[in-house]
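This report refers to the structure that appears directly beneath it.
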Amino acid sequence: MAVAFDSRPTVFGNLMVVTGTFANGDASVDLSPFLADIVMFQVMEEDTTARAVAVSFSGTTAYFTELGSGGGRFMAIGHRN
């Protein structure tokens, strides 16, 4: 698992936007160091082929299906710790 978080999350009020990257084969991101809960999670794959990506989250962990072969980027919005 090679999840990397961008060094400067954006904060507005009690919400935080956390962005980062994931490697090929990753299927989850643990956001507990940043967020108390997740409001929205989005995955953008590096693969240029248009495919559906299933995304779900529970507590502070987001789960997704990585269908391409090159990893990609993610963005999460949630209530900050």
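The values are calculated or read from the model by the stated rules, or taken from the named source; none is laboratory data. Just so we're clear, the structure is a prediction, and the values are computed from it rather than from any experiment. Every residue, glycine among them, receives a Cβ derived from its backbone with ideal geometry; neighbour counts consider all protein chains shown.
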Modelled with pLDDT under 95 and either of a type outside the set (Phe, Trp, Tyr) or surrounded by 19 or more Cβ atoms within 10 Å (Cβ to Cβ) (or both): does that describe residue 44? yes
Since residue 24 meets every condition but one in (1) surrounded by 14 or more Cβ atoms within 10 Å (Cβ to Cβ); (2) part of a strand (DSSP E or B), which condition does it not meet? (2)
Residues (more than 17 Å from residue 64 (Cα to Cα), in a strand (DSSP E or B) and not small (Gly, Ala, Ser)) located in segment 27-49: 35
